[in-house]
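J.: Attaching a single structure in structure tokens format; questions to follow.
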Amino acid sequence: MAIIIDGAAAAKNLRQKLAQEVAAEKLSPGLAVVLVGDDPASSVYVRNKSRAAEEAGLKSWTHRLPAGTSQAELLALIAKLNADDAVHGILVQLPVPDPIDPQAVIAAIDPEKDVDGFHPVNAGRLSLGLPGFVPCTPLGCMILLRSVWPDLSGKRALVIGRSNIVGKPMAQLLLQANCTVTVAHSRTQDIAGECARADIVIAAIGKPKFVRGEWIKEGAVAIDVGINRTDGKLVGDIDFETAKDRAYALTPVPGGVGPMTIACLLKNTVESARRKLSLLQKK
Ligand code: GUN
């Protein structure tokens, strides 16, 4: 039976540590969350993000814009938040409704306030190994992975999924940690075969129970990024029941990566406030 990695507990620890740092360093981090439209799932995510921020001693503002908001109106709000010194982090919940271009929205955010780590400047910094904001979900996966294997050097890692939000930044982080990285996706010929060689499997494809337990190498660590609702139940991209008898350690869904994503958003926002303060002190 695998070690079940408790993401909820790890996230709680991280949030408490951040709350202590905010108090000890007299930081006043502010997070602005923008939601366009009334998608129910996005609404829940946004509420959870601002609640977690406030519990950790951050200020948070939620800007709810109607579904018919134009791109120009959204960009005007972002410009205002960019210029607001109380705001250290700006997050526009994705997806944004048509015809708003998500790339134009992401590019409009000041890279120094881009706590999602989605801006091309931060994506570029990550790929060059320079300091910048790292997307929250892959950052959370790395923390959970290191909680069971502090040294990842030389491990074979398989990332399944190539999204800009998870798969690509995840591959960069694993490479930086000296893993040998493979990225699999919908056109990969033999995903089961790739899995069989992997010491680390990160599943981020959005297909319920896609990764079978039999595919996983005995003793591997499996991190499940999937959140799929099937028959009113949340299930991951990995078939938990069969995987738990093969893996050395495994994250559950829910209670694995999900809570870490929010905690890492707070981590990035606190870091942004800290950088701002140290820049002001240097002046
Ligand atoms: N939609 C799904 N995941 C995310 C995320 O991490 N950040 C934002 N802004 N939107 C999302």
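J.: Just to be sure, is Val201 β-branched (Val, Ile, Thr) and more than 16 Å from the chain's Cα centre (by Cα)?
T.: Yes: the conditions hold for Val201.
J.: Another question about this same structure. Go through the stretch 138-164 and give me each residue that's in a loop (DSSP other than H, G, I, E, B), over 17 Å from the mean Cα position of the chain (by Cα) and either surrounded by 19 or more Cβ atoms within 10 Å (Cβ to Cβ) or at pLDDT below 95 (or both).
T.: Matches in the stretch 138-164: Leu152, Lys155.
J.: Mind checking which residues of the stretch 66-95 are more than 14 Å from the ligand (Cβ to nearest atom) and in contact with an Asp or Glu (Cβ under 7 Å, 6 or more places away or on another chain)?
T.: Those that are more than 14 Å from the ligand (Cβ to nearest atom) and in contact with an Asp or Glu (Cβ under 7 Å, 6 or more places away or on another chain): Ala67, Gln71, Asn82.
J.: Kindly indicate which of Ala53, Ala72 is hydrophobic (A, V, I, L, M, F, W, C) and either out of contact with any Ser or Thr (no Cβ under 8 Å at 6 or more places or on another chain) or farther than 26 Å from Ser163 by Cβ (or both).
T.: Ala72
J.: Determine if the stretch 181-200 includes at least one residue that is in contact with a strand residue (DSSP E or B) (Cβ under 8 Å, 6 or more places away or on another chain), under 17 Å from Ile4 (Cβ atoms) and either surrounded by fewer than 15 Cβ atoms within 10 Å (Cβ to Cβ) or not polar (S, T, N, Q) (or both).
T.: Yes, the conditions are met somewhere in the stretch 181-200.
Table: residues versus (1) under 28 Å from Asp84 (Cα atoms); (2) away from the ligand (no atom under 15 Å from the Cβ); (3) modelled with pLDDT of 95 or more; (4) more than 22 Å from the chain's Cα centre (by Cα).
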residue	(1), (2), (3), (4)
Lys209	no, yes, yes, no
Gly213	no, yes, yes, yes
Gly236	no, yes, yes, no
Glu241	no, yes, yes, yes
Asp245	no, yes, yes, yes
Thr269	yes, no, yes, no
Gln281	yes, yes, no, yes
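J.: Return the residue satisfying two criteria in turn: it lies in the stretch 43-64 and is aliphatic (A, V, I, L, M) and more than 14 Å from the ligand (Cβ to nearest atom), and of such residues it is farthest from Gly30 (Cα to Cα).
T.: The selected residue is Ala56.
J.: Turning to a different aspect of this structure: Could you pull out the residue among Lys26, Lys80, Lys17 that is at positive phi and out of contact with any strand residue (DSSP E or B) (no Cβ under 6 Å at 6 or more places or on another chain)?
T.: Result: Lys26 is the single residue among Lys26, Lys80, Lys17 that is at positive phi and out of contact with any strand residue (DSSP E or B) (no Cβ under 6 Å at 6 or more places or on another chain).
J.: Return the residues of the stretch 138-155 that are among the basic types (Lys, Arg) and touching a residue at least 40 places away in the same chain (Cβ under 8 Å); say none if nothing qualifies.
T.: Within the stretch 138-155, just Lys155 meets the criteria.
J.: Can you list the strands (runs of 3 or more DSSP E) found entirely within the stretch 198-274 that contain at least 3 residues being without any contact (Cβ under 8 Å) to a residue 40 or more places away in the chain?
T.: 228-230, 233-235
J.: Would you point out which residue out of Ser147, Ser127, Ser163 is out of contact with any Ser or Thr (no Cβ under 6 Å at 6 or more places or on another chain), within 11 Å of the ligand (Cβ to nearest atom) and among the small types (Gly, Ala, Ser)? It would help to see each step written out before you state the result.
T.: Details: Ser147 fails: within 11 Å of the ligand (Cβ to nearest atom); Ser127 fails: within 11 Å of the ligand (Cβ to nearest atom).
On inspection, the qualifying residue turns out to be Ser163.
J.: Given the conditions (1) modelled with pLDDT under 95; (2) in a helix (DSSP H, G or I), report the number of the one that Arg15 does not fulfil.
T.: (1)
J.: List the pairs whose first member sits in the stretch 41-69 and is closer than 19 Å to Leu81 by Cβ, whose second member is of a type in the set (Lys, Arg) and part of a helix (DSSP H, G or I), and whose Cβ atoms are under 9 Å apart, counting only residues at least 6 apart or on separate chains?
T.: If the second residue must be of a type in the set (Lys, Arg) and part of a helix (DSSP H, G or I), the pairs left are Ser60/Lys49; Ser60/Arg51; Thr62/Arg47; Thr62/Lys49.
J.: Okay, next question. Take the residues of the stretch 247-267 that are within 25 Å of Ala56 (Cβ to Cβ) and more than 16 Å from the ligand (Cβ to nearest atom): which is surrounded by the most Cβ atoms within 10 Å (Cβ to Cβ)?
T.: Step one: list which residues in the stretch 247-267 are within 25 Å of Ala56 (Cβ to Cβ), which gives 251-267.
After this cut, where a residue has to be more than 16 Å from the ligand (Cβ to nearest atom) as well, the list is 251-252, 255.
Details: Thr251: 32, Pro252: 19, Gly255: 16.
Restricting to residues being within 25 Å of Ala56 (Cβ to Cβ) and more than 16 Å from the ligand (Cβ to nearest atom), the top hit is Thr251.
J.: Search the stretch 88-137 for residues being touching a residue at least 60 places away in the same chain (Cβ under 8 Å) and assigned to a helix (DSSP H, G or I), and hand back the single one that is nearest to Lys59 (Cα to Cα).
T.: Start the filter on the stretch 88-137 by keeping residues that are touching a residue at least 60 places away in the same chain (Cβ under 8 Å), which leaves 88-89, 91, 93-94, 96-97, 100, 112-113, 115-117, 133-134, 136-137.
Now drop any that are not assigned to a helix (DSSP H, G or I), which leaves 112-113, 136-137.
Details: Glu112: 17, Lys113: 14, Cys136: 19, Thr137: 22 Å.
Ranking the qualifying residues of the stretch 88-137, first place goes to Lys113.
J.: Ok, one more. Does the stretch 51-73 hold any residues that are surrounded by fewer than 22 Cβ atoms within 10 Å (Cβ to Cβ) and among the aliphatic types (A, V, I, L, M), and which are they?
T.: Hits for the stretch 51-73 are Ala52, Leu65, Ala67, Ala72.
The values are calculated or read from the model by the stated rules, or taken from the named source; none is laboratory data. Since this is a predicted model, take the numbers as computed values, not measurements. Ideal geometry is used to build each Cβ from the backbone, glycine not excepted, and the neighbour counts take in all protein chains shown.
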